[in-house]
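Please treat every number below as a calculation from the coordinates, not as lab data. Just so it is clear, the structure is predicted and the values come from calculations on it, not from any experiment. FYI the Cβ positions are ideal-geometry reconstructions off the backbone, even for glycines, and counts take in every protein chain you see.
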Amino acid sequence: MIVRLQDKYLKNVPKLEVEIPKAVSKGETASQPETVRRGQLLPPYAVILHNDDVNEMGYVTMALLRSVPKLTEKQAAEIMLTAHHRGQAVVIVCPLELAELYRERLEGYGLTATIEKA
């Protein structure tokens, strides 16, 4: 079976085809190739930024921009304000490995961030 991986979170990544052998019982024929969404193979996780009373708003916005390259200045400012007013904000939704990277980067700037299944 050939699996085509495609996902809205990784638009710039070329399509990847993976050959996955399927056991066929006696008398059965192999089925048509199945398309599996990347979300099924790489479930989405949300990186959550938590408010703190230590860091200034400008510093938090700068840390967001440097930690998550996909964010614009406007998005970073909105995330910072949401965390400030509501106590937490979703920074980005992505596969677990990327979520862990972004969380570690944010923590490197002294911010509090966690990961939750989206």
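Spacing of the modelled spin labels on HIS84 and TYR109, each 7 Å from Cα toward Cβ, amounts to 1.4 nm.
Could you work out the local net charge near THR72, counting Lys and Arg as +1, Asp and Glu as -1, over the other residues with Cβ closer than 14 Å to its Cβ? Here the count lands on +1. Per residue of the range 88-105, what does 6.51 cos²θ - 1.76 cosθ + 1.60 with θ = phi - 60° give for ³J(HN,Hα)? Whole Hz please, x for Gly and Pro, Karplus curve as stated. Per-residue couplings from phi come out as 6, 8, 7, 7, 7, 10, 7, x, 3, 4, 5, 4, 5, 4, 5, 4, 4, 4 Hz.
The Cβ shell under 13 Å around GLY108 holds other residues with a net charge of 0, Lys and Arg each +1, Asp and Glu each -1. Once both labels are positioned 7 Å from their Cα atoms along Cα-to-Cβ, the gap between GLN75 and LYS117 label points is 2.5 nm. Centroid-to-centroid, using Cα positions, the range 49-68 and the range 98-118 are 12 Å apart. Each of MET62 and LEU41 was given a label point 7 Å from its Cα along the Cα-to-Cβ line. The distance between the two points is 4.0 nm.
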